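The values are calculated or read from the model by the stated rules, or taken from the named source; none is laboratory data. The shown structure was predicted, so the numbers you read here are calculated from the model rather than taken from an experiment. Neighbour counts are summed over all protein chains in view; Cβ atoms, including those assigned to glycine, are modelled from backbone coordinates with ideal geometry.
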Amino acid sequence: MTWWLIFLSTVFIRTLMCKECTLEDTECVFFLEVDHRLTMMREGDLVYPKEGNIYKYDVVNTSNAVPVKIDEVITADGWEKPRLIGAVNGKMPGPAIIVYEGQYVVVHVKNCLINEALTIHWHGVTQKESPWMDGVPFVTQCPILPGQTFTYRFKAEPMGTHFYHSHVGTQSTMGIFGALIIRERKKHDMDEHIMTIQDYNHDWDSLMSYMKDVYGLYNGRTSASPPRAIDGTEFDMFHFHSGLINGRGRFHDPETGTHNNAPLECFHVQQGKSYRFRVIAVGIMHPFRVSVDNHSLLIVASDGHSIEPIAAESVIISPGETFDIILAANQIVSNYLIRAEALVVGMNHKTEAILRYDGAILAEPNTSKKKCTKTDRCLVINCPFSIFPPSQFTDCLTFNEIKGTSDNEPPSKIEEGRFEEYFLNFGIPGENPASVNGKVFKTPTVPVLTQSAEWYFPCEEPACGEERVCKCTNSINIKNGNVVQLVLTNMGLGKGMPHPIHLHGHVFYVMKMGYGKYNRRTAQFSRDNLDINCRGNIDREQSYCNNPTWSNPAWRNGNVPDLELDRPPIKDTVVIPSGGYVVIRFLANNPGVWDLHCHMEIHNIEGMRLLVNESLSLALRPPKGFPECRSFTNLRGELNTRELEDSCMKTADVTVTVYWIAVVVLSVLLLVIGIAFINQARRNPDCRPCRKSFHDKAQKEHEHLPVESM
């Protein structure tokens, strides 16, 4: 009887885990279990790929063998050596959470990881009534420790294509992510597919990738060179083997040009129908150009918000962004390749999936990518640069040229005294870590939102300055009810690849984008956009750009020419082009503490983030019993906790530095004592008898001690 109860309860819980909300529900409940898994393993058996299937390790003759069910294995790129990944309910990506706008979402998250804490961020959800549910460790909540369960509850808004992911360290790109779809509160009239895209390394996990980026990446005894983008700018040192779509892809061997025949994700369509593809970039660093052979794409939304529909050959999507694409299945019944190609020169970094029409044979697609020609050019949406090389016959439509369709009135009117403007430069100057205005983010040791009285660490370090880099809990303070304009830049000595910047707690209007200058013949980046004055070093290319402003003072206070004031598109993640800038605006109407950071995971961890303190005193209070956490070092009251909280970056270097400082100080001290002793001996000729009499006195006192005292 007991076993039957356990079985039935397990079935019931699994049903809840996979339950999809209905239109009539007011509250939707989900269960997520997060743990570690290994790729290319099925219940203790190693598997290997062949001809689009997978087989148990000891199968020799695959022609007579039954393939292993693909859904039972996390295949990744099919590399046979298992790699550690994170999984949600045993899958990568985790199960999609699909709800309707206005419903309350309850998610019970259990941390089954062996030795790591966890939080889940609901990317794209503004958390208007629940700022403590944003899922950022030591900003809005305490981390969920191994074995613990934390229940998130929030209102599903705004509608659109969003996703959830861990916000601790490198866990997101380890595999702890999944789609979060908030549909309009009506019966939907179009079938949908969800597509997550990521870059992937099959030799080591995301944490190792981060460490190699920080300390150096080598091929044997040779230092690796950073990969370059189409426009000549450099990516960071992330070693990238394969792309994955919905957790599946193939390893393309750069030496032979062949792939390993691993299974691909397959999307089924019916001829004559149209489908909404919800595309989500969940990767570490690389943007992807997405296209479908023999099909045009109709781009209708970004980050969940509608835009004026645009037909294009492809769209470029960067980490943290989402795009909604309408695909008309208007071709002959067959199999077609879906392509996602990284913007890297000289490397075959790509992934594919299969678009399979109902009735098509179960075979690999043999279709080709559209050939762009002088008379039949290709249009690409959301380029992070302004032009492609002329020989590619490809045109860019940047996000600056996209119009929104929202009925919401953009904050185009500015009232005196109700407008704030901040300039934030995202860069990696010289050998320094990633930062914002030269300030490397220092993670608080208590959740600032819920334990604000226990945290005070302003950026007033002596090391901070116009041409310096310091480490502190960087923040800006904005006032509730004001229109806030952020000018996000990627300029000066620290400029590099385009940075996708994500704002928590708000969506924003993209008012204007300014791009760097490019060589029209080669399409290579040449210099910064001069609308921005970096200040600092007189040589602009050497300036840290820690204190940027408008080159023309007349542009200040919202008077920027060519702003899109009528129909600016709405986003929550926007890409700052190399050498360029983005002007965004939002109304400060959601009191709390909100993260603003680069969504390239390596940059976020290094410190390219800051907090937006939005009238914290007006923020809603968390529910009774909400967890608290803090450092504990003060045993007897003589230690100051803040004095012991130091940087965790490059601890070994800090330790070595402290060691040599101690050696130098002690050496100087011993030298001073030695000189003093010699001088004293020269001035006092009775020094030896004095020492002898002292010794004799001590010996005599020792001899007369009572026996019991000895």
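See the values below:
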quantity	calculated
Selection from the range 221-260 of residues that are part of a loop (DSSP other than H, G, I, E, B) and over 30 Å from Lys50 (Cα atoms)	Arg221, Ala224, Ser225, Pro226, Pro227, Ile230, Asp231, Gly232, Thr233, Phe235, Asp236, Met237
Conditions (1) in contact (Cβ under 8 Å) with a residue 40 or more places away in the chain; (2) aliphatic (A, V, I, L, M); (3) outside any loop (DSSP other than H, G, I, E, B); number of the one not met by Ala453	(1)
Subset tally (residues that are acidic (Asp, Glu) and more than 25 Å from Thr549 (Cα to Cα)) for the range 579-605	1
Any hit, the range 386-404, residues being more than 17 Å from Pro577 (Cβ to Cβ), of a type in the set (A, V, I, L, M, F, W, C) and touching a Gly at 6+ places or on another chain (Cβ under 8 Å)	no
Members of the range 606-655 that are basic (Lys, Arg), out of contact with any Asp or Glu (no Cβ under 8 Å at 6 or more places or on another chain) and modelled with pLDDT of 65 or more	Arg621, Lys624
Residue among Val290, Val333, Val344, Val315 that is surrounded by fewer than 19 Cβ atoms within 10 Å (Cβ to Cβ), among the hydrophobic types (A, V, I, L, M, F, W, C) and closer than 22 Å to Met497 by Cβ	Val344
Residue in the range 328-339 that is of a type outside the set (Phe, Trp, Tyr), within 24 Å of the chain's Cα centre (by Cα) and closer than 22 Å to His202 by Cα present	yes
Residue that is surrounded by the most Cβ atoms within 10 Å (Cβ to Cβ), among those in the range 39-82 that are in a helix (DSSP H, G or I) and touching a Lys or Arg at 6+ places or on another chain (Cβ under 6 Å)	Thr62
Boolean, Gly178 is assigned by TED's automatic domain parsing to the domain that holds His305, among the small types (Gly, Ala, Ser) and touching a Pro at 6+ places or on another chain (Cβ under 7 Å)	yes
Within the range 608-635, tally of residues that are part of a loop (DSSP other than H, G, I, E, B), under 30 Å from Leu488 (Cβ atoms) and among the charged types (D, E, K, R)	0
Hits in the range 390-436 - residues which are in the same structural domain as Ile570 (by TED's automatic domain parsing), assigned to a loop (DSSP other than H, G, I, E, B) and buried (at least 21 other Cβ atoms within 10 Å of the Cβ)	Ile428, Pro429, Ala434
Pairs, first at positive phi in the range 203-230, second small (Gly, Ala, Ser) and surrounded by fewer than 11 Cβ atoms within 10 Å (Cβ to Cβ), C-beta under 9 Å, six or more apart	Gly216/Ser223
Those residues of the range 521-544 which are part of a loop (DSSP other than H, G, I, E, B), in contact with a strand residue (DSSP E or B) (Cβ under 6 Å, 6 or more places away or on another chain) and over 23 Å from Pro287 (Cβ atoms), in sequence order	Asp531
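Residue-wise test of (1) aliphatic (A, V, I, L, M); (2) not assigned by TED's automatic domain parsing to the domain that holds His305.
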{"position": "Val47", "(1), (2)": "yes, yes"}
{"position": "Tyr57", "(1), (2)": "no, yes"}
{"position": "Thr62", "(1), (2)": "no, yes"}
{"position": "Val88", "(1), (2)": "yes, no"}
{"position": "Lys91", "(1), (2)": "no, no"}
{"position": "His108", "(1), (2)": "no, no"}
{"position": "Asn115", "(1), (2)": "no, no"}
{"position": "Trp122", "(1), (2)": "no, no"}
{"position": "Gln127", "(1), (2)": "no, no"}
